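The values are calculated or read from the model by the stated rules, or taken from the named source; none is laboratory data. For clarity, every value in this text was computed on a predicted model and none was experimentally measured. Cβ sites come from the backbone with ideal geometry, for glycine too, and all protein chains shown count toward neighbours. For accessibility, only protein heavy atoms count, side chains too; no ligands or nucleic acids. Shrake-Rupley method; radii C 1.70, N 1.55, O 1.52, S 1.80 Å.
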Amino acid sequence: MRRRTEILVLLICLVIVTTSFASTVTYDHRAIVIDGKRRVLISGSIHYPRSTPEMWPDLIQKSKDGGLDVIETYVFWNLHEPVRNQYNFEGRNDLVKFVKLVAEAGLYVHLRIGPYVCAEWNYGGFPLWLHFIPGIKFRTDNEPFKAEMQRFTAKIVEMMKQEKLYASQGGPIILSQIENEYGNIDSAYGAAAKPYIKWAAGMAISLDTGVPWVMCQQSDAPDPIINTCNGFYCDQFTPNSNKKPKMWTENWSGWFLSFGGTVPYRPVEDLAFAVARFFQRGGTFQNYYMYHGGTNFDRTTGGPFIATSYDYDAPIDEYGQVRQPKWGHLRDVHKAIKLCEEALIATDPKISSLGPNLEAAVYKTGSGGCSAFLANIDTKSDATVNFNGNSYHLPAWSVSILPDCKNVVLNTAKVNSMSVIPSFIHESLNKNADSTDSIGSGWSWINEPVGISKASAFNKLGLLEQINTTADKSDYLWYSLSMNIKGDEPFLQDGSQTVLHVESLGHGLHAFINGKLAGSRTGNSDNAKVKVDNPITVVPGKNTIDLLSLTVGLQNYGAFFDLSGAGITGPVKLNGLSNGSSIDLSSQQWTYQVGLKGEDSGLPSGSSSEWVSQPALPKNQPLIWYKTNFDAPTGNDPVALDFMGMGKGEAWINGQSIGRYWPAYIASNSGCTDSCDYRGPYSANKCRKNCGKPSQQLYHVPRSWLKPSGNILVLFEEMGGDPTQLAFATRKMGSLCSHVSDSHPLPMDMWGLDSKTRRASNPTLSLSCPSPNQVISSIKFASFGTPLGTCGSFSHGRCSSSKAHSIVQKVCVGSTSCSIDVSTKTLGDPCKGVKKSLAVEVSCA
């Protein structure tokens, strides 16, 4: 009996242990409520398939160190169910592992199931097979679509339940999302939109997750679904019920890169301003889209024309390294906001005007606590304001945060975090190859046949739309036509000259006449359509026209985006050079081939026996597969491949695709500036760099994909290039910088000190090498006074202390980190009565 009692007690204890961590997640008009307590929550998006499982723990830890409470991710339907009822949750697709790693770090999860995700992801995350279900219409009141959407959503929810990953089960998931930005385009779906949204909300609630559901950009989200805001700014957003909290599911930390486009970036001063304004005006949940953008491996890019890099100018860059000063300044913003949390959750803000474009928001607790936000939303002019009997300087387009309604802990325009300039160290791909060998040493190749080469080819009258034909199994579709031409045809000049006219929905086209490249065209992110008018030479008798049509990621956004076509829909004509005559070939019997012979032959793995290495490596020729073996760069620094010298194609390392490469697509020469003024509303085109250069030259190679030696690199070069120019680029830290004025707030960590100590303290410039085994080795620049410029291009102003360099050198060189008081007491006073600052640039070794 005693033994049975002991077992019973043990079982009761086990039940208590396994359920004691379950949380109740609800909401009220102020905030998400966890276990009865309102919470201020800082969130950041990390999409698990855009990095590797080996990267996940470090990305999550850096997010936590940066002050995040929540990790937000989409769920990618086409990744997990590439074939109907055949699922893939392995490797980069291991959603459960990712969620568990977030939980192990002590963070929450917002799971955005969608299952439409947009995300600049191929086909918006929908699997292509969905398109072929009879009678289906996407994202509307359509029974076939709703059945499939419910089936997949329920599949994901059930997976999470089985692993006890919802907060109601003791897991980390505190929120889920159904649909995505439908309100932006629902008017196009007419009367069917509202019942669809009502159905989606009801379906989600019926899955009984035990946590709230949200819909972003959906002002008519049915109760109890929370409608949320996406955008560069959401301080003016109001939820559709006074019983729902003000939530920001996508604060765009930068913008996405397109092939053919310049590189966008968003100044951290503006991003911090947007965050502070949101909390100032009543927000309590804010998410960065993206916090780590990552890489579009394989053929996952959407668009079309979205680049392989999805860096997004995020606080953690594509390679998994913190981007400074963005990461550090936002970390300080988060700390400042958390110092106000007790007041923020206690009540609604009381907002008052301090003058034109000047605003104060005050939060008070019932126990006498008080926090305030002072904002200057003027885009040009600084201001001095009086608040609670004190005077405060507010730079234009900035917010000061006062956790005690008296002392400024942070101003969004005053960055107290160091900057880091990354550098890429190049080394040869075939460093062991003898330089005296013939050009192309270490490379082998296979020519991809022009035109039809596979037994699966088929004939069809007329021109076929590409996506319906390929089902996106490949980027490529061959259109081939053989015809007999007589020398006296009216569309010929001199018996052989004519013009090939081709019109295509996009996204690119290579035209071959009798096996020879006659011309190429590509669309762009603004207009994917392609039109070719190329003079060509034909021969008497049989001639072959082979048109290789290609896609660069499928449409991912907009009403009825799934119906956006691609490929050559015509007309295709041969036009006379001058006499106006022509022949329309569009309705002829064409032969079609889906994909490349090399794709079917398994060439991406590099294991084929068809590779040749003699007589000489072909260069700058279209349609060639290349292969080489290489050793990994030494060390643990992130690695990229520099594709300068190549045209366009796809690359595989040890059988895994690092994505499409396209260094030949050069960005416009216009639209970039040397510096971007953070003041004033940000837009996707406001801050641009990299004009006149390849949109993307470096392509991330995850370290976990590399072996110390014996790695295989395979390229499919579509346009023509020189593979011997490829090089590794190892990402290292170039310089550390900081620039702090004598009017900066004290470092965040000093807030906990007593008021007397704080009053006696000065602003501080701090530097720290990124690796614990590094020390500051040299001082590249140091100036106290009125230094000019930015990190990497500092210069002395009209006033500069003669002691600054030697003081910084003494304090910093040989140390892993150092801090210097920004004061005349420490650095001397080179110009009395002038506001001064300290600018420093150092190297670590």
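In sequence order, the range 41-48 has phi-based couplings of 10, 9, 10, x, 7, 9, 8, 3 Hz under the Karplus curve 6.51 cos²θ - 1.76 cosθ + 1.60, θ = phi - 60°, and Gly or Pro positions carry x. Protection proxy ranking for 320-329, 589-598, using the average of other Cβ atoms within 10 Å per residue and placing the highest first: 320-329, 589-598.
Prolate is the label for the range 458-595, because a/c, from the alpha-carbon gyration tensor with a ≥ b ≥ c as root eigenvalues, is 1.5 or above and a/b exceeds b/c.
Using a 1.4 Å probe on the protein heavy atoms, what percent of the accessible area of the range 733-844 belongs to carbon and sulfur? Exposed carbon and sulfur together represent 50 percent of the surface. How large, in percent, is the carbon and sulfur part of the accessible surface of the range 458-595 at a probe radius of 1.4 Å? The nonpolar share, carbon plus sulfur, comes to 46 percent. Take every Cα pair under 8 Å whose residues are at least 6 apart in sequence, average their separation, divide by the length of the range 329-371, and the relative contact order is 35 percent.
With the other protein chains left in place, how much accessible area per residue, in square angstrom, belongs to the chain at a 1.4 angstrom probe? Result: 39 Å² of accessible area for each residue. In this structure the amide hydrogen of Glu448, modeled in the peptide plane, comes within under 5 Å of the amide hydrogens of Ile624, Trp625, none closer than 5 places in sequence on its chain. For the range 147-178 versus the range 372-413, the spacing of their alpha-carbon centroids is 43 Å. The alpha-carbon of Lys689 sits under 29 angstrom from the alpha-carbons of these lysines, leaving out residues fewer than 8 places away in its chain: Lys62, Lys326, Lys380, Lys414, Lys529, Lys648, Lys732, Lys780.
Using a cutoff of 8 angstrom between alpha carbon atoms and counting only pairs six or more residues apart, the relative contact order for the chain works out to 11 percent. Both the radius of gyration and Dmax for the range 733-844 are 13.9, 42 Å, in that order, over alpha-carbon atoms. The share of accessible area on the range 15-121 that comes from carbon and sulfur is 52 percent, using a 1.4 angstrom probe. Stokes-Einstein diffusion of the chain at 4 °C, 1.567 mPa s viscosity, Kirkwood radius from Cα pairs, rounded to a whole number: 44 µm²/s. Proximity of backbone amide H atoms, modeled 1.01 Å from N, is registered between Ala413 and Val399 at under 5 Å, excluding neighbours fewer than 5 places apart on the same chain. Each peptide in 765-773, 335-343 was scored by the mean count of other Cβ atoms within 10 Å over its residues; highest first, the order is 335-343, 765-773. For the pair the range 68-146 / the range 679-729, the C-alpha centres are spaced 27 Å from each other. Counting helices only, and only those DSSP H runs with n ≥ 4, report the 222 nm mean residue ellipticity of the chain as the sum of -39,500 (n - 2.57) divided by its residues, in deg cm²/dmol to the nearest 500. Only helices count here, giving -4500 deg cm²/dmol. Rounded to 0.05, the FRET efficiency of the Ala455 and Ser675 pair, given R0 = 51 Å and the Cβ-Cβ distance, is 0.30. Taking label points 7 Å from Cα along the Cα-to-Cβ direction, Arg84 and Ala147 give a separation of 0.9 nm. Just check the range 25-345 against the gyration tensor rule for me: Cα atoms, a ≥ b ≥ c as the square roots of the eigenvalues, rounded for a/c under 1.5, and otherwise prolate or oblate depending on whether a/b exceeds b/c. The shape class here is rounded.
Rounded to the nearest 5, the antiparallel percentage of DSSP beta bridges internal to the chain is 80%.
Neighbours of Leu271, meaning other residues whose beta-carbon lies under 10 angstrom from its beta-carbon, give a summed charge of -1 when Lys and Arg score +1 and Asp and Glu score -1.
Take each peptide in 459-471, 162-174, count the other Cβ atoms within 10 Å of every residue, and average; sorted highest first, the result is 162-174, 459-471.
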